[in-house]
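Below is one structure, written out as structure tokens; the observations come after it.
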Amino acid sequence: MKHPYRIREIAAQAGLSQATVDRVLHGRGGVRESTVRDVHQAIAALDRGRDQPPLPARTFTIDLIVPDRSRTGAALRAELPTLRPAVIRPRLRPATDPVAELAKVARAHSHGLILEAAESPKLIEAIGRMEIPVVTLNTDLPTSKRVAHVGLAEPGAGATAAYLLDQWLADRAGDVLVVASGPAAPAVSGAAGGAIAGSRGPGLAVAARIAGFRAELHSRAPNRRLLVTDPLRLRAALAGNPSIRAAYTPARGCTRAVIADFAAEHRNFDAFVAHGLDEENADLLRTGRLSAVLHHDLRSDLRAAALAILQSLGAVPGPVRSTSSSVQILTPLNLPS
């Protein structure tokens, strides 16, 4: 692959020997796929580094309080090589009781905290007592002492889904169905502008996507009926509403089941938008059973959050800024390999 960097620069960035990097760059055998990825990520990091301040050759411990530790941890570990020579040691903590976890972080000699949690007076107060930089992820806490916010504008993601479905339905009559995975939420029907109940269960991000979806659909098609349900009530919703012509799943994990329930009820749909690029949605998109998948780069968000902490500590020059992620519209033609 073409690049302007010396082998020793790539080796230092990737944390590998020069001989290993040389084997990867010249396509020689005996190198694991993960090592090849590390080299490619190191080159990408060097590319980004042209326009960014240099990272320090120091070790930083950063705590993360997030609801989905498995997904967030995997994304962060994949991004760590791009932060070299800085070494980030992440500690992932549960978000079931964020106030209690903040107290543990305060005693744990951490350099910074990445936090994704619902706003509450106790949480705002606990953040105010922290003596380390706090960056909020996805769910912002603007009244807190956080130094920056990074993440997807969730209502905008929902609004994008509503825009796409409205474009595909065009002048055709038909209702729109939203299926929210997670704890069961009561099925709701009504005009697109009506209140959507039952959005507590799927979580804050999903509730915000549904709110954005509702507002955009009401703006574009105020007479089109919107129904919100969960996977357990889906077949009943389909059986009782023969005019459903489009669907949106604002969270990962239930899209295949939704399509199966449409088939079980001998129903077709004109358009289907899902949120989140996992193996299930990628396969459904690739095989033409989804119209589009909305996706945002969690790895990039975590990198931006880590850099905001380093900048707040003075380890990296430059102002500390919040970063808003953009949603990507994926089709079978631009699906990442």
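What to note about this one:
- Over the stretch 25-115, the Kirkwood radius and the radius of gyration, each from Cα atoms, give a ratio Rg/Rh of 1.07.
- Placing a pseudo-label 7 Å from each Cα along the Cα-to-Cβ vector at residue 263 and residue 243 gives an inter-label distance of 2.9 nm.
- Taken one residue at a time, the phi angles of the stretch 57-66 give Karplus couplings (6.51, -1.76, 1.60, θ = phi - 60°) of 8, 9, 9, 10, 9, 10, 8, 10, 10, 9 Hz. Gly and Pro are set to x.
- Between residue 96 and residue 236, the distance separating the two model label sites (each 7 Å from Cα on the Cα→Cβ line) works out to 2.9 nm.
- One chain, two ends: residue 68 and residue 103. Fully extended at 0.36 nm per residue, the span grows by 10.6 nm beyond their Cα-Cα distance.
- Built from the Cα atoms of the stretch 7-49, the convex hull projects on average onto 2.6 nm², one quarter of its surface area.
- Equivalent-ellipsoid semi-axes of the stretch 216-337, from the Cα gyration tensor, Å, largest first: 37, 17, 13
- Longest to shortest principal axis, alpha-carbon extents of the chain, angstrom: 64, 53, 29
- FRET efficiency for the residue 40 to residue 118 pair, using the beta carbon distance and R₀ = 22 Å, is estimated at 0.05.
- With the simple model of a label 7 Å out from the Cα in the direction of the Cβ, residue 22 to residue 286 spans 3.7 nm.
- Note on the chain: helix-only mean residue ellipticity at 222 nm, from DSSP H runs of 4+ residues weighted -39500 (n - 2.57) and normalised by residue number, equals -12000 deg cm²/dmol.
- Computed over all pairs of different Cα atoms, the Kirkwood value for the hydrodynamic radius of the stretch 263-317 is 14.1 Å.
- Computed from the Cα positions only, the extents of the stretch 71-145 along the three principal axes stand at 37, 24, 21 Å, in decreasing order.
Values quoted throughout were computed directly from the atomic coordinates according to the rules given, and no laboratory measurement underlies them. Everything numeric here is computed off the predicted structure, so don't read it as measured data. Reconstructed Cβ throughout: ideal geometry from the backbone, glycine too, with neighbour counts over all protein chains shown.
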